[in-house]
Amino acid sequence: MTLLSDAPSLAQESLEAFWMPFTANRQFKAHPRMLVKAEGMYYTTDDGRRILDGFAGLWCCNAGHCRKPIVEAIQKQAAVMDYAPAFQMGQPLAFELANRIVGMAPDPLDHVFFCNSGSEAVDSALKIAIAYHRVRGEGARTRLIGRERAYHGVGFGGISVGGIPVNRKMYAGAMIPGVDHLPHTHNLEKNAFSRGQPEWGAQLADELERLVALHDASTIAAVIVEPMAGSTGVLIPPRGYLERLREITRKHGILLIFDEVITAFGRMGAAFASEVYGVVPDMITFAKGVTSGTVPMGGVIVSHDVYQAFMSGPAGSIELFHGYTYSAHVLACAAGLATLQLYEDEGLFARAARMAPKLEAALHALRGSRHVIDIRNQGLVGAIEVAARPGTVGARGFDIFLRCFEKGVLVRQTGDIIALAPALIVEDSEIDRMASTLRDVLAGLD
Ligand code: PXG
């Protein structure tokens with residue numbers, strides 16, 4: 001067996017066939033950055049360099065890489081039962097994992113629908129919301145409200161409620177109808193260099209009242225937001241904002257969906273961001289951290305009322321015509337159970353909360369570095385925004401990403417924002433190294 005870490009570097013022409021996702025393919029294929037091994041907080045490249053992972057892969061490897069209990073659980077399960085059909089058949093790990101997740105979720109969220117990614121979780125949640133109203137006799141409630149700058153994955157539902165222009169414009173005419181958007185909450189004039197939740201902006205949630213007045217509540221199925229908007233460049237919710245969204249949605253019988261694909265499983269210093277912000281939605285989408293990124297898995301946790309609304313037809317009938325071949329895949333379930341156990345055994349959510357002030361201090365110490373126009377953070381998430389080079393949005397951000405990688409630190413770039421989201425096992429010294437690398441890179445940047 002050839003281990004990945006023993007494989008020779010690929011020749012240039014072997015890089016052509018793979019059309020890489022969300023990647024500058026031509027730039028990458030001219031200057032490949034190839035990872036071949038991972039352990040704890042570190043990757044190893046094909047030329048043998050150790051890279052400090054400042055982003056938990058892509059917001060997902062919350063327990064750190066190649067953790068033994070998770071690896072062994074996957075290996076063992078693969079040899080016992082590789083796959084079991086998910087429709088009209090069951091396997092025990094799926095039920096066990098659902099129970100475990102429900103045990104961590106806020107009341108009254110008590111049922112889990114499984115899928116394989118964040119995008120599928122979002123599309124599942126949106127479909128459940130629309131179907132929920134219909135089974136209750138409110139079939140006119142089909143409208144969905146998202147938010148500017150939101151990222152809800154890449155399905156047609158997700159890009160429709162999403163608010164990232166480059167992800168939408170190519171497909172503008174093909175998106176699902178009946179969607180509107182709240183304004184985003186980013187405001188540098190009011191909130192630059194906030195630590196934790198910014199003070200200004202709760203009133204932006206009142207825009208929902210305006211949309212309700214325009215469309216009428218009887219046409220609106222759900223509002224979906226990321227409690228902390230990650231992918232767009234880390235937008236922490238203003239104080240009082242999520243509470244107000246909850247109030248308004250409840251008042252009008254509109255379901256509130258928190259997309260916690262990034263924020264669930266420890267990222268914000270608790271199992272769910274819902275807990276951190278003290279706001280309970282009707283549904284929570286999750287993915288990524290549930291298996292610490294090891295095996296693809298996603299899901300939707302729904303409230304008691306939402307689930308029960310579907311349990312009303314003839315007993316032998318299928319209640320929801322939705323699901324995936326790999327819903328609750330047995331390897332993902334094995335990985336999920338081992339991951340959640342590891343989070344508990346090592347107290348990693350509490351650890352994230354303990355390390356958060358360290359990350360905050362290290363990042364805010366970069367205030368005053370060249371080009372920096374904002375620094376923001378909460379939990380084990382932080383971002384540094386730099387001024388764009390005139391006429392070339394994102395170019396400076398991409399340079400920072402490349403230079404950090406050259407210096408052995410993996411960060412994530414979105415436009416001119418650099419985000420950090422290390423695994424929850426991160427040590428003080430590793431946070432210091434991320435910050436000092438950024439400081440050096442910023443100092444030498446034009
Ligand atoms: N919802 C949210 C809130 C997400 O952050 C998805 C849905 C989609 O998940 P899948 O598993 O379909 O990719 C995401 C994914 C980044 C970055 O750099 C963010 C994501 C994925 C990759 C990169 O910020 N978020």
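Observations on the structure shown:
- Per-region count, segment 306-344, residues without any contact (Cβ under 8 Å) to a residue 24 or more places away in the chain and within 20 Å of M268 (Cβ to Cβ): 1
- Qualifying residue in segment 229-238 (condition: exposed (fewer than 14 other Cβ atoms within 10 Å of the Cβ) and outside any loop (DSSP other than H, G, I, E, B)): no
- Test: residue in segment 312-326 that is within 16 Å of the ligand (Cβ to nearest atom), part of a loop (DSSP other than H, G, I, E, B), more than 28 Å from V276 (Cβ to Cβ) and of a type outside the set (K, R): yes
- Residues in segment 225-242 that are out of contact with any Phe, Trp or Tyr (no Cβ under 8 Å at 6 or more places or on another chain) and at negative phi: M228, L235, I236, R239, Y241.
- Filter result for I70 (touching a Phe, Trp or Tyr at 6+ places or on another chain (Cβ under 9 Å) and more than 16 Å from the ligand (Cβ to nearest atom)): no
- Residue in segment 281-291 that is surrounded by fewer than 24 Cβ atoms within 10 Å (Cβ to Cβ) and either in a helix (DSSP H, G or I) or assigned by TED's automatic domain parsing to the domain that holds M228 (or both) present: no
- The one condition in (1) within 18 Å of A273 (Cβ to Cβ); (2) touching a Phe, Trp or Tyr at 6+ places or on another chain (Cβ under 7 Å); (3) within 15 Å of the ligand (Cβ to nearest atom) that P106 fails to fulfil: (3)
- Every residue from segment 261-280 that is touching a Lys or Arg at 6+ places or on another chain (Cβ under 9 Å) and under 18 Å from Y151 (Cα atoms): V261, I262, A264, R267, A273
- Total residues in segment 126-169 satisfying the condition of being acidic (D, E) and within 16 Å of the ligand (Cβ to nearest atom): the figure is 1.
- Of everything listed in (1) more than 14 Å from the ligand (Cβ to nearest atom); (2) outside the structural domain of L93 (by TED's automatic domain parsing); (3) buried (at least 17 other Cβ atoms within 10 Å of the Cβ); (4) of a type outside the set (D, E), the single unmet condition for A365 is (3).
- Checking each residue in segment 231-273 for being within 15 Å of the ligand (Cβ to nearest atom) and either hydroxyl-bearing (S, T, Y) or outside the structural domain of G196 (by TED's automatic domain parsing) (or both) picks out S231, T232, T263.
- Boolean, I236 is over 22 Å from I373 (Cβ atoms) and among the hydrophobic types (A, V, I, L, M, F, W, C): no
- When the residues of segment 403-422 are filtered to those that are away from the ligand (no atom under 15 Å from the Cβ) and either without any contact (Cβ under 8 Å) to a residue 24 or more places away in the chain or crowded, with 20+ Cβ neighbours inside 10 Å (or both), the one that is farthest from E360 (Cα to Cα) is E406.
The values are calculated or read from the model by the stated rules, or taken from the named source; none is laboratory data. Computed from a predicted structure; not experimentally measured. Ideal geometry is used to build each Cβ from the backbone, glycine not excepted, and the neighbour counts take in all protein chains shown.
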